[in-house]
Structure formats: C-alpha cells, structure tokens
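Engineer: This is the structure I want to talk about, given as structure tokens.
The values are calculated or read from the model by the stated rules, or taken from the named source; none is laboratory data. Just so we're clear, the structure is a prediction, and the values are computed from it rather than from any experiment. In this analysis, Cβ positions are derived from the backbone assuming ideal geometry, glycine residues included, and neighbour counts consider all displayed protein chains. For accessibility, only protein heavy atoms count, side chains too; no ligands or nucleic acids. Shrake-Rupley method; radii C 1.70, N 1.55, O 1.52, S 1.80 Å.
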Amino acid sequence: MRNVLFVCTANSARSVLGEGLLRHLASDRYQSFSAGSTPRGTVNPDALECLARHGISTEGFRSKSWDEFSGPDTPTMDLIVTVCDNAAGEACPIWPGHPLVAHWGIADPASEKEDDAERAADFDLAHERMKRRIEAFLALPDSVFDAPDAKAQLSAIGNLND
C-alpha cells in the first residue's frame, strides 16, 4: 500500500477531488490524503456535491494543513501531487521519507458564480481532468516509484491534454 498526498493552497476543492477519486478508484493499492499550505478550514460544498454526483463517498473530508503530514508520526508519503499552480510554487515542507513530487495543474473550479449549474459544470470539468490524470497514474506499473525517471513520468501526467 502506497500513500499519495494531493496538495492545493486552500485544500477545499481540487485536492479534495484528487483524494476522493484516488480512494474511489484504487483504495486497494493506495491510501489517499489531501492538504493545503493555507487551508480554508472548510471543504467547498460544491466539491462534495461533485463527488456525490459521481458516486464517490464524501465521508470524512476536511480542510487541513500540510503540516499534519510533515511530522515524524505521520504516514510516510510515496507521492505528493500539487494540483494548483500556487501550491506548486510554494516552498513545501521537508516530507518524511523524501517522496516523489509531481505537479498536475487543474484550473480552479471554485468561483463566485451564483448559478448552481455553472458551478456544477466547472466542478465536473475539474473532476473529469483529475480522473484522467489519476487513471494515467494507475496505468503505470508500481515499479515507476523506483524508476530512474520516476519524477519525469509522474510529472508528465500533469501535461495531459485537457
């Protein structure tokens, strides 16, 4: 069982989608987590509604700091995936175990749009893009973690055409 942490600045939307999708698609192979550099404190309700629309459990999600995953008594991560450009450019903590780090940028679906259907469509698009990236990740053999070009292979997933 390998551990994957999805990181976004607020840990309220994209990183939550990543955590939920990986858990849904491969909980037999991966434990998934999410966190933020400056967590909002609450998960965006549109993110939870999006997961539910796609048949993914919304249990247990909360917006939390990446500090929860950088201490000695935390699960050792095998892969850290930044999903927003802000988080990718921030100085990350020194992660125990020195995991691989990749960036899979997804446009922010959270907006101030008043129209529920427009917000839902933005979240569904982010979900679709994240799912495509996670499926590409799951298609890689487990040996990718030990490959000399592991970082390049994992980072290339973030360049998939949307």
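Engineer: How much length is gained on full extension from Leu138 to Glu114, taking 0.36 nm per residue of separation minus their Cα-Cα distance?
Structural biologist: 5.1 nm
Engineer: With a 1.4 Å probe and every protein chain kept in, tell me what percent of the accessible surface of the chain is carbon plus sulfur.
Structural biologist: Here it works out to 49 percent.
Engineer: Given Cα pairs under 8 Å that are at least 6 residues apart, what percent is the relative contact order of the chain?
Structural biologist: 24 percent
Engineer: Under a plain spin-label model, where a point goes 7 Å from the Cα along Cα-to-Cβ, how far apart in nm are Thr76 and Thr38?
Structural biologist: It is 3.3 nm.
Engineer: If you consider only alpha-carbon coordinates, what radius of gyration and Dmax does the chain have, in Å?
Structural biologist: 14.7, 48
Engineer: So how strong a dipole does the chain carry about its Cα centre when Lys and Arg Cβ are +1 and Asp and Glu Cβ are -1, to the nearest 20 debye?
Structural biologist: Value, rounded to 20: 340 debye.
Engineer: Oh, and also: Let me have the 222 nm mean residue ellipticity of the chain computed from DSSP H runs of 4+ only, each contributing -39500 (n - 2.57), with the sum over all residues rounded to the nearest 500.
Structural biologist: Mean residue ellipticity, 222 nm, calculated: -11000 deg cm²/dmol.
Engineer: If you don't mind, another one. Spin-label point model (7 Å from Cα, Cβ direction): what's the Ala147 to Glu128 distance in nm?
Structural biologist: If labels sit at Ala147 and Glu128, their model points lie 2.7 nm apart.
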